[in-house]
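Asker: A single structure is presented below for examination.
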Amino acid sequence: MNSVSEIITSAFGIILLAAVGYELKQRRRRLRELYNVLDAEDKHVVADLDEMVKHGLITPYIAH
Amino acid sequence: MEAPTQSYSVKELPRFQFFLIDSGWIGPVPELIRQNLGMITHLHNNDPFFILSREQSSELLKKHPHLIGKDPILLARDLHGSKTTGAKEYHGFHLNLGIIKDPEKAMDVLQHFLNFLAVHRKSRSIEAKIRQQLHRDGFEGAIEVLRGGAENLI
């Protein structure tokens, strides 16, 4: 009887740990979509923005 | 919000270049950002803030389709990133506000992001701080979700 309850407790423990791990992974993925450091793709975007600044296509915003 | 751990003596020069990319210009989130541009620029008054027009933003999104659906995007370029790492690469961060539908939540996230950059603007490696924050937010969020789930069970 004892071993059965130990097996059930262990199974629940494993399920709980797996749920925590899954939730953590999902949460970090969503956060990385929201904000992150610039990656390889973004660096091309910054290069284009740099060009726009260099050619005067965009100028700093001045608050009124 | 924790205090910066390390600082270096670049005080007066701009630390960031901000870019606002928004191809839509309609909807509660872009409206809210426009209404609060003064606040955004006030918090980082030494840093140049560039706003792309709708056409310029659309062209950029066409050229870089991985950005589609994520705008309005606030891109902060760290001008001192290469000085601290020695790498001749672009450094910085982006905040993809377009993936948030609730304007109040978007405002909250924007304020938190700007506050974070202001607090850590003198840090040697702000990218490392962002990664730490990402790690911490993910962990805290998971705990909150699990706590919510546990409360529902109770």
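Asker: Go through the residues of segment A:8-16 one by one and say whether even a single one is among the β-branched types (Val, Ile, Thr) and touching a helix residue (DSSP H, G or I) at 6+ places or on another chain (Cβ under 7 Å).
Answerer: Applying the first criterion (among the β-branched types (Val, Ile, Thr)) to segment A:8-16 yields A:8-9, A:14-15.
Adding the requirement that they be touching a helix residue (DSSP H, G or I) at 6+ places or on another chain (Cβ under 7 Å) leaves none.
For segment A:8-16, residues among the β-branched types (Val, Ile, Thr) and touching a helix residue (DSSP H, G or I) at 6+ places or on another chain (Cβ under 7 Å): absent.
Asker: Taking segment B:93-134 as the region of interest, how many residues are over 19 Å from residue B:20 (Cα atoms) and within 12 Å of chain A (Cβ to nearest Cβ)?
Answerer: Within segment B:93-134, residues that are over 19 Å from residue B:20 (Cα atoms) and within 12 Å of chain A (Cβ to nearest Cβ) number 10.
Asker: Still on this structure, I have one more. With the requirement that a residue be assigned to a loop (DSSP other than H, G, I, E, B), more than 22 Å from residue B:99 (Cα to Cα) and either touching a helix residue (DSSP H, G or I) at 6+ places or on another chain (Cβ under 9 Å) or among the hydrophobic types (A, V, I, L, M, F, W, C) (or both), what does segment B:14-25 give you?
Answerer: Pass one, segment B:14-25, residues assigned to a loop (DSSP other than H, G, I, E, B): B:14-15, B:22-25.
Those still in the list that are more than 22 Å from residue B:99 (Cα to Cα) too: B:14-15.
The answer is B:15, and nothing else.
Asker: Shifting gears a bit: From B:67, B:52, B:74, B:60, which residue is under 13 Å from the mean Cα position of the chain (by Cα) and either surrounded by 13 or more Cβ atoms within 10 Å (Cβ to Cβ) or more than 19 Å from residue B:109 (Cβ to Cβ) (or both)? Before you say what the answer is, go through the steps one by one.
Answerer: Values: B:67 fails: under 13 Å from the mean Cα position of the chain (by Cα); B:52 fails: under 13 Å from the mean Cα position of the chain (by Cα); B:60 fails: under 13 Å from the mean Cα position of the chain (by Cα).
Going through B:67, B:52, B:74, B:60 in turn, just one is under 13 Å from the mean Cα position of the chain (by Cα) and either surrounded by 13 or more Cβ atoms within 10 Å (Cβ to Cβ) or more than 19 Å from residue B:109 (Cβ to Cβ) (or both): B:74.
Asker: Okay, moving on. Looking at (1) closer than 23 Å to residue B:46 by Cα; (2) at pLDDT 85 or above; (3) exposed (fewer than 11 other Cβ atoms within 10 Å of the Cβ), which is the only condition residue A:4 fails?
Answerer: (1)
Asker: A further question follows. With the requirement that a residue be facing chain B (nearest Cβ under 7 Å) and out of contact with any Asp or Glu (no Cβ under 9 Å at 6 or more places or on another chain), what does segment A:36-46 give you?
Answerer: A:41, A:42, A:44, A:45, A:46
Asker: Hey, does segment A:14-28 have a residue that's within 27 Å of residue B:90 (Cα to Cα), in contact with a Phe, Trp or Tyr (Cβ under 7 Å, 6 or more places away or on another chain) and at the interface with chain B (Cβ under 7 Å from one of its Cβ atoms)?
Answerer: No, the conditions are met nowhere in segment A:14-28.
The values are calculated or read from the model by the stated rules, or taken from the named source; none is laboratory data. Since the model is a prediction, treat every value here as computed from it, not as a measurement. Here Cβ is always computed from backbone atoms with ideal geometry, including for glycine, and neighbour counts include all displayed protein chains.
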